[in-house]
Amino acid sequence: MKVLGYTDGAARGNPGPGGVGILLKDEAGGVLLREKKYLGKVTNNVAEYTALIECLRHVRRLGEGNGIRCTSLLVHSDSELLVRQLKGEYKVKDAVLKELHQEVRTLLDSSTFEFAITHVPRELNREADALANESIDEHASG
């Protein structure tokens, strides 16, 4: 099954309170997973990488117990930096991002599905963006 992933990371203050939003859909647009997670104080780029890492982990768990087997994952992200670094177009210079980049590579090296990532404008990633911001709002108000 081809899975479409939508990820977003947000940080208010950069660094500041951060969260991630992940949306996984099947090819017909059916929602397989909708997830948000509060991260604490992070930079926006750390939040973006963390969103992708969480997405990859969720895709790996999709098949556990429900028989969904992902054969191909296409991730949509509005982070140009993340997408270009993963495609090798930009170097990863920041030490923290290097660690997160390596974690992504490790997850991908051990995955059983094809992987692609594409940059999309923020307006095409609204649901993941909303989830990331909801996680921050809920923590601030809770």
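Any read-out appearing in this document is the output of simple, stated calculations on the displayed coordinates, not a laboratory observation. If you're wondering where the values come from, they're calculated on a predicted model, not measured in any experiment. Every residue, glycine as well, gets a Cβ built from its backbone with ideal geometry; the counts of neighbours run over all protein chains shown.
With +1 assigned to the C-beta of every Lys and Arg and -1 to the C-beta of every Asp and Glu, and no other charges, what is the dipole magnitude of the chain about the Cα centre in debye, to the nearest 20? Mind dumping the intermediate values first?
On the way: 19 positive and 21 negative charges, 58 e Å.
Dipole about the Cα centre, nearest 20: 280 debye.
Within segment 110-137, name every residue whose backbone N is under 20 Å away from a label modeled 7 Å from Cα of Arg60 along the Cβ vector.
Zone members listed by number: 110-117.
First measure r as the distance between the Cβ atoms of Asn133 and Asp94, then evaluate 1/(1 + (r/R0)^6) with R0 = 22 Å and state the FRET efficiency to the nearest 0.05.
Details: r = 24 Å, r/R0 = 1.07.
Working from the Cβ atoms, E equals 0.40.
Rounded to the nearest 5, what % of DSSP beta bridges with both residues in the chain are antiparallel?
60 percent
How high is the FRET efficiency between Arg84 and Arg122 when r is their beta carbon distance and R₀ equals 22 Å, given to the nearest 0.05?
According to the calculation, E is roughly 0.85.
How about segment 14-54: which GluC sites (Glu not before Pro) there lie in a loop by DSSP and see at most 14 other Cβ atoms within 10 Å?
Glu27
Can you give the extra length, in nm with one decimal, that the chain gains between Asp26 and Ala140 once fully stretched, where that is 0.36 nm per residue apart less the Cα-Cα distance?
37.8 nm
How much net charge surrounds Asp78 when only other residues with a Cβ under 10 Å from its Cβ are counted (Lys, Arg +1; Asp, Glu -1)?
Value of the local net charge: -3.
For a quick check: with amide H placed at 1.01 Å from N, whose amide H comes under 5 Å from Leu32's, ignoring anything fewer than 5 positions away on the same chain?
HN-HN under 5 Å from Leu32: Leu24, Lys25, Asp26.
Relative contact order for the chain: what percent, with Cα pairs under 8 Å and sequence separation of 6 or more?
Computed over the chain, the figure is 33 percent.
Once you treat every alpha carbon in the chain as an equal point and sum by Debye, what is log10 I(q)/I(0) at q = 0.09 Å⁻¹?
Evaluating at q = 0.09 Å⁻¹ gives log10 I(q)/I(0) of -0.25.
Multiply the residue separation of Arg69 and Arg105 by 0.36 nm, subtract the distance between their alpha-carbon atoms, and state the gained length in nm to one decimal. Can you show the working numbers first?
Details: separation 36, 0.36 × 36 = 12.96 nm, distance 2.04 nm.
Value of the extension gain: 10.9 nm.
Mind listing which trypsin sites (Lys or Arg not before Pro) in segment 92-137 are in a DSSP loop and have 12 or fewer other Cβ atoms within 10 Å?
Those satisfying the criteria are Lys93.
Give me, ordered by chain and number, the residues 5 or more places off Asn125 or on other chains with an amide H under 5 Å from its own placed amide H.
It is none; the list stays empty.
Would you compute, from DSSP H runs of 4+ residues alone, the mean residue ellipticity of the chain at 222 nm, taking -39500 (n - 2.57) per run and dividing by the full residue count, rounded to the nearest 500?
About -12500 deg cm²/dmol.
Net charge within 10 Å of Asn125 by Cβ-Cβ distance, Lys/Arg positive one each and Asp/Glu negative one each, not counting Asn125 itself?
Value of the local net charge: -3.
Just to confirm a number: summing +1 for Lys and Arg and -1 for Asp and Glu over residues other than Val46 whose beta-carbon lies under 12 angstrom from that of Val46, what do you get?
Within the 12 Å Cβ shell, the charges total -2.
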